[in-house]
Amino acid sequence: MEFVNSINAILYVALTVLYFYQFIYVVIALVGDKNKKKVIPEASKNHHFAFIIAARNESAVIGNLIKSIKGQNYPEELIDVIVVADNCTDNTAEISRKNGAIVYERFNNMLVGKGYALDYAFSRISEDFGDYDAYDGYFIFDADNVIDKNYVKEMNKVFDTGYKVITSYRNSKNFDTNWITAGYSLWFIREAKYLNNPRMMLKTSCAVSGTGFLVNSSIIKKNNGWKFNLLTEDIQFSVVNILEGEKIGYCENAMFYDEQPTTFKQSWNQRMRWSKGFYQVMYKYGKELISMMFKKREMFVSCYDMFMTLAPATLLSVGCIVLNLGFLIVAASNMHVFKMLLKPTLMAIGYGCINFYFLIFFMGLITLITEWNKIFAPTKKKIMYLFTFPIFMATYIPISLVALVKKVEWKPITHSIAKSVEDIELQQQYKD
């Protein structure tokens, strides 16, 4: 019995130590908010940007994104919108052109995925404009997004300070739909506020998450386009840049709104791809991240942080449960030993589940309190979905397990929440 207790204690302490730095991030973010004095200065130059949007059958939503880009508080002549209508069977290309976008149509059923569509866009830009540096930088967005009217202006400020890759504040178009959309939304808002925000304060590297980021044309030129084609091309892109010594910046004042999957089936497929993609990136770059932690002292925090981001924490939690069940199975041949182990083992499993729930609940609670006014939903739903947030995160456990053995391919997610920025801002007027 003492052996079982000791093993469980070691495992829980190890997990706490490994991820404790993220609690330090929370403290830094909270203290930083109270003592925030530094204001990013106005940019010395308004840079020339292009928005690259990979779109597959996105006719329901792409018009709103392009309109939000065209409506920026930024010189219109310095922003172009380039849409890759990727294997579309609807009128995405037509709608994009009508709204003022440059459209490239791509048809390739062999090389499927966002990464390939982005690379196609950059190859066409190089052909049509002479080189990648026809623009100072490129914004990468998904068709279901919309951006705040000051988005480009705020990103340009950080870009002008010298950062070559910059991510932004990822909010949600549909937090209040159900417990699934709220779960996604809280996680992404927490990622912006309590991961990328403190990273930026500490001047270590942030990480790109899916969409809503800006890349200097020199990065595209160096890579001769977009060469990141794993299932999670965003994480692959982040890891490669960190390994190459590039610090990814964050702009907290640049907000965009993302559409979250509304059904569990959609969510399962999407997160299955993410989980498999994380394994792919860990397998390909894990050793190099560990190596660079110790080769270059100034890169230790960035590499360690990214390694722990890739590490399958849910599998570690499952491992603790499986280990305890293993103790019971081994002891089953001896009823006396089995009875001795039963109580401490069940207590360890129960403690692990309770600890997981309240840990995730705490993350959601802190996020909800500090970002309350940025979450557009009735008070009742904000509070209700806080309690389902740990359950949503717990569903990653079976997803992570299945992803270990299942062959996963990219599958499109249907987007249908056709909201403009003005529609989203009106949600602030909820009367509870």
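The values are calculated or read from the model by the stated rules, or taken from the named source; none is laboratory data. Quick caveat, the model's predicted, so the values are computed rather than measured. In this analysis, Cβ positions are derived from the backbone assuming ideal geometry, glycine residues included, and neighbour counts consider all displayed protein chains. The protein model used for the area step is the full one, side chains on, heavy atoms only, and it has no ligands, DNA or RNA in it. Shrake-Rupley method; radii C 1.70, N 1.55, O 1.52, S 1.80 Å.
With each label modelled as a point 7 angstrom along the Cα→C-beta vector, the S218-T16 pair spans 4.5 nm.
Computed from Cα positions, the angle between helix 179-191 and the longest principal axis of the chain comes to roughly 80 degrees. Comparing S44, S218, S267 in a Gaussian network model of the chain, where Cα atoms under 10 Å apart are tied by springs, the biggest mean-square fluctuation is seen for S44. Residues in the range 391-408 carry Karplus couplings, in order, of 5, 4, 5, 5, 5, 5, 4, x, 4, 5, 5, 5, 4, 4, 10, 8, 6, 10 Hz; the curve used is 6.51 cos²θ - 1.76 cosθ + 1.60 with θ = phi - 60°, and Gly or Pro positions show x. Expressed as a fraction of 2.2 N^0.38 Å, the value expected for a compact globular protein of N residues, the C-alpha radius of gyration of the range 1-157 is 1.50.
Within 10 Å of each candidate Cβ there may be at most 14 other Cβ atoms; applying that plus a DSSP loop requirement, which chymotrypsin sites (Phe, Trp or Tyr not before Pro) in the range 41-119 survive? Could the numbers behind the result be given before it?
Details: sites: F49, F51, Y104, F107, Y116; in loops: F107.
Counting only loop positions with at most 14 other Cβ atoms within 10 Å, the chymotrypsin sites (Phe, Trp or Tyr not before Pro) in the range 41-119 are F107.
Computing log10 I(q)/I(0) by the Debye sum over Cα atoms at q = 0.07, 0.08, 0.14 Å⁻¹ directly from the structure and comparing it against [x] -0.36, -0.47, -1.42; [y] -0.43, -0.57, -1.64; [z] -0.46, -0.59, -1.23 singles out [x]. Our estimate of slack between W179 and E105, defined as 0.36 nm per intervening residue step minus the Cα-Cα distance, is 23.0 nm.
Got a number for carbon plus sulfur as a percent of the chain's accessible area, 1.4 Å probe?
Details: 12090 of 19880 Å².
Carbon and sulfur atoms account for 61 percent of the accessible area of the chain.
Each Lys and Arg adds +1 at its Cβ and each Asp and Glu adds -1 at its Cβ; summed about the Cα centre, the chain shows a dipole of about 1240 debye.
Do the sum for the chain: with -39,500 (n - 2.57) for every DSSP H run of n ≥ 4, divided by all residues, what is the mean residue ellipticity at 222 nm, to the nearest 500 deg cm²/dmol? The helix-only estimate for the chain comes to -18500 deg cm²/dmol at 222 nm.
May I ask for the percentage of alpha-carbon pairs in the range 169-309 that lie more than 25 Å from each other?
Working: 3033 of 9870 pairs.
When all Cα pairs of the range 169-309 are counted, 31 percent exceed 25 Å.
Between F264 and K380, what length in nm is gained on full extension when 0.36 nm per residue of separation is reduced by their alpha carbon distance? Numbers along the way, then the final one.
Numbers: separation 116, 0.36 × 116 = 41.76 nm, distance 2.21 nm.
Length gained, F264 through K380: 39.5 nm.
Rounded to the nearest 20, the size of the Cβ-charge dipole of the range 73-138 about its Cα centre is 320 debye, with Lys and Arg at +1 and Asp and Glu at -1. Based on protein heavy atoms only, the chain ends up with 46 Å² per residue of surface accessible to a 1.4 Å probe. Placing unit charges on the Cβ atoms of the charged side chains and taking the dipole of the chain about its Cα centre, the candidate lying farthest along the positive direction among G286, G100, I79 is G286.
Counting pairs on different chains as well as pairs 8 or more places apart, how many Lys pairs in the range 16-104 have Cα atoms under 28 Å apart? Intermediate results must be reported in sequence, preceding the final value.
Details: K36/K45; K37/K45; K45/K67; K45/K70; K67/K98; K70/K98.
Total qualifying Lys-Lys pairs in the range 16-104 comes to 6.
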